[in-house]
Amino acid sequence: MTTKRKSMLDSAIIGRAVKDSFIKLNPLMMMKNPVMFVVEVGTLVVLLMTVIPGYFGTEDRVGFNLTVFLILLFTVLFANFAEALAEGRGKAQADSLKKSKQDITANKIVGGGVKQVVSTELRKGDIVVVSQGEMIPGDGEVIEGLASVDESAITGESAPVIKEAGGDFSSVTGGTRVVSDQIKVRIMSDPGESFIDRMISLVEGAKRQKTPNELALNTLLTSLTLIFLIVVVTLAPIAKYVGVELDVPVLIALLVCLIPTTIGGLLSAIGIAGMDRVTQFNVLAMSGKAVEAAGDINTMILDKTGTITYGNRMASEFLPVKGATVQELGEWAALSSAKDETPEGRSVLELMKTKQLSYPAELVENASFIPFTAETRMSGTDLPDGRKVRKGAVDAVKKWVLSQNGSVPADLDSTGESVAVLGGTPLAVSVDNRILGIIYLKDTVKPGMQERFAELRRMGIKTIMCTGDNPLTAATIAREAGVDDFVAESRPEDKIALIKREQAAGSLVAMTGDGTNDAPALAQADVGLAMNSGTIAAKEAANMIDLDSDPSKIIEVVAIGKQLLMTRGALTTFSIANDIAKYFAIIPAMFMLAIPQMDALNIMKLGSPSSAILSALIFNAVIIPLLIPLAMRGVAYKPMSASKLLSKNLLIYGLGGVLAPFVGIKLLDLIVHIWI
Ligand SMILES: Nc1ncnc2c1ncn2[C@@H]1O[C@H](COP(=O)(O)OP(=O)(O)OP(=O)(O)O)[C@@H](O)[C@H]1O
Ligand SMILES: [K+]
Ligand SMILES: [Mg+2]
């Protein structure tokens, strides 16, 4: 999506936002925003008094009332425009995604043969063949073969990615194109529920729900509005009692100035823009809540393989223990891997080829395959002659062999450790109760990880690497990457337990992952960021998906979340401070209209009561569009402590909020006073 990035000032987006500002005047839509709804009702009342002045006895004030009506109308339109503009980029993106969505001809496997069907006829569980040059007709999992796939339609990234059966790189997305080779795909979504469908509804905000924070603030703003409504309504009879006749349009102007229209008008734009900033970053957030939670994260849990390292663990050496040869170790390693479709398993057979070693493949012809699981941390084959071949994590294979009354070779541990200290993964190979040696699986830490983790530390976020690998490998990679802490030999349930423990201690936890074994933990975490390259299970459990599959991006997501929370806080402070200042302009003016002797109250020395009221009202309206850029972009964010940030923002936005109206209203009054 990066390539389709739209500038905020795109004229098509602005044009559409202007149109939407009027559509949003529909009272049924306005009611969702109580503050602005009150302004709209006030606008209508003043309109009636302007067009049928005879009925209200306001013939002498038609000019003033018309002006008040226009300013109020623009106040509502400006607020609508802020929201429409924030929605604009997402809507434009949704349009281009919809265009890229088209019916694709699929080669569905039916019985023994292949039948051509339209992609919309595909259902969960169907199996299709996709060859070079063809589009993948739906979301699914590669069950056979390997292909490079161009995913630029969804990620904007033009370099093709490898998709292969088994392992963590098996998921494919409908609408992407196979650029080489052929794969068999099992479809995993029904029509209308695909990844692109979900993406469209996400970016166009069709299912946008207010976050708990937003709801709480909305309740506060509504209560404030209600209080001021009661104050203003009761003001009229009180004034009448002391012999002062207050004009209804003036009372409405007073009400609108007092209620928090600035934040009321910008609130939803702030939330939408925050989500949109995440999207522009090629991260899909399933909800605004997830983005806000990211802003409050204290602990981040990352898995090792594929997140901190590249994850294409390849067998690179056979290291036999005493009493075994490379040939012998290779043979049993290959026999244990003959039907292992994981990248690790296939790489063992590749290594046999590069080393020009052979193995008796006929032995596995009728063998039963024991697939790798994160629980057992082993895989292998049970041969028809009864022999059991296994490979897996050293401690797992050791336990397995001991349970069959075997013994552990004296040099096994040191051989394994020689691999682990280099950050490699040692896999032990056994047949029945005999261990033959170690397969050295090589993996590389992604560049730039240390700087990224240092940045997280400055934000006050603790990083923990959680891996199924052995403690020594884990320690090496943890040191190389610069994480704060690590947990080794962890099974899926250990990851969940770790997250629950951190949450119980009061932390908000973020987790990135890509494997099916990460899915439960991704669901348990407050922020679960799945890699787009990962499995479907991981992507469904997570509440965010990184289209670029760069787990370190969680750092930017956290920054955007913090920025979103800060922007909302800053503009709320500014808005309420603002309203207090307007009080001083409008209350004296209102009473001066009725009792000219009250001029002493006019501390701002405004031209006339009418011009004071109109100036305050104009200021109240134009402050909304003036603050739209800040609401959209977010307030500046630098990694620093929360308390420092708070005091800094209170000073800028609180004090600024009090002073701005005094200056603004005074300047406006100088002009308005000449004009009326
Ligand atoms: N195909 C395989 N056959 C046998 N053992 C394997 C296979 N793949 C991995 N293992 C072993 O199982 C361990 C756990 O693997 P798993 O994929 O769950 O975790 P991991 O990838 O090491 O860690 P992470 O959670 O960081 O991705 C590995 O460290 C390795 O020792
Ligand atoms: K206001
Ligand atoms: Mg893994």
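Values for this structure:
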item	result
All positions within segment 86-130 that are closer than 30 Å to Ile13 by Cα and charged (D, E, K, R)	Glu87, Arg89, Lys91, Asp95, Lys98, Lys99, Lys101, Asp103
Residues being touching a strand residue (DSSP E or B) at 6+ places or on another chain (Cβ under 7 Å) and open to solvent by 40 Å² or more (accessible area, probe 1.4 Å) - total across segment 159-188	11
Residue within segment 616-624 that is over 21 Å from Phe584 (Cβ atoms) and either touching a Phe, Trp or Tyr at 6+ places or on another chain (Cβ under 7 Å) or part of a helix (DSSP H, G or I) (or both) present	no
Leu122 vs. criteria under 30 Å from Ala631 (Cβ atoms) and open to solvent by less than 20 Å² (accessible area, probe 1.4 Å)	no
Some residue of segment 317-337 being within 32 Å of the chain's Cα centre (by Cα) and either more than 23 Å from Asp168 (Cβ to Cβ) or acidic (Asp, Glu) (or both)	no
Segment 576-587: number of residues that are buried (at least 20 other Cβ atoms within 10 Å of the Cβ) and either among the aliphatic types (A, V, I, L, M) or more than 26 Å from Leu651 (Cβ to Cβ) (or both)	4
Qualifying residue in segment 242-263 (condition: without any contact (Cβ under 8 Å) to a residue 12 or more places away in the chain, more than 30 Å from Leu351 (Cβ to Cβ) and away from ligand 2 (no atom under 16 Å from the Cβ))	yes
Members of segment 383-399 found to be part of a helix (DSSP H, G or I) and either surrounded by 22 or more Cβ atoms within 10 Å (Cβ to Cβ) or away from ligand 1 (no atom under 14 Å from the Cβ) (or both), listed by number	Val394, Val397
Residue selected from segment 203-262 under the condition charged (D, E, K, R) and over 38 Å from the mean Cα position of the chain (by Cα), by the criterion surrounded by the most Cβ atoms within 10 Å (Cβ to Cβ)	Asp247
Strands (runs of 3 or more DSSP E) wholly inside segment 114-169 that include at least 2 residues being over 26 Å from the mean Cα position of the chain (by Cα)	127-130, 140-150
For Thr476: the one exception among (1) of a type in the set (Ser, Thr, Tyr); (2) within 13 Å of ligand 3 (Cβ to nearest atom); (3) free of Cβ contacts under 8 Å to residues at least 60 places away in the same chain	(2)
Test result for Gly561, over 15 Å from Met275 (Cα atoms), at pLDDT 90 or above and away from ligand 2 (no atom under 16 Å from the Cβ)	no
Members of segment 302-323 found to be open to solvent by 20 Å² or more (accessible area, probe 1.4 Å) and more than 21 Å from Gly423 (Cβ to Cβ), listed by number	Pro320, Lys322, Gly323
Within segment 448-532, helices (runs of 4 or more DSSP H) holding 2 or more residues that are surrounded by fewer than 20 Cβ atoms within 10 Å (Cβ to Cβ), of a type in the set (Val, Ile, Thr) and within 16 Å of ligand 2 (Cβ to nearest atom)	none
Filtered residues of segment 436-447 (kept if open to solvent by 10 Å² or more (accessible area, probe 1.4 Å) and either within 16 Å of ligand 2 (Cβ to nearest atom) or at pLDDT 95 or above (or both))	Tyr440
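For every residue, the table says whether it meets (1) surrounded by 13 or more Cβ atoms within 10 Å (Cβ to Cβ); (2) over 24 Å from Leu254 (Cβ atoms); (3) in contact (Cβ under 8 Å) with a residue 24 or more places away in the chain; (4) not assigned by the TED database to the domain that holds Leu266.
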site	(1), (2), (3), (4)
Ser608	yes, no, yes, no
Ala612	yes, no, yes, no
Leu617	yes, no, yes, no
Ile623	yes, no, yes, no
Lys638	no, yes, no, no
Val663	no, no, no, no
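To keep it simple, each residue is scored yes or no on (1) modelled with pLDDT of 90 or more; (2) within 16 Å of ligand 2 (Cβ to nearest atom); (3) surrounded by 17 or more Cβ atoms within 10 Å (Cβ to Cβ); (4) hydrophobic (A, V, I, L, M, F, W, C).
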residue: Ala293; (1), (2), (3), (4): yes, no, yes, yes
residue: Thr299; (1), (2), (3), (4): yes, no, yes, no
residue: Gln327; (1), (2), (3), (4): yes, no, no, no
residue: Glu331; (1), (2), (3), (4): yes, no, yes, no
residue: Val348; (1), (2), (3), (4): yes, no, yes, yes
residue: Leu351; (1), (2), (3), (4): yes, no, yes, yes
residue: Thr354; (1), (2), (3), (4): yes, no, no, no
residue: Ser358; (1), (2), (3), (4): yes, no, no, no
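The values are calculated or read from the model by the stated rules, or taken from the named source; none is laboratory data. The structure displayed is predicted, hence computed values, not measured ones. Here Cβ is always computed from backbone atoms with ideal geometry, including for glycine, and neighbour counts include all displayed protein chains. What goes into the accessible areas is simple: the full protein's heavy atoms, side chains included, and nothing from ligands, DNA or RNA. Shrake-Rupley method; radii C 1.70, N 1.55, O 1.52, S 1.80 Å.
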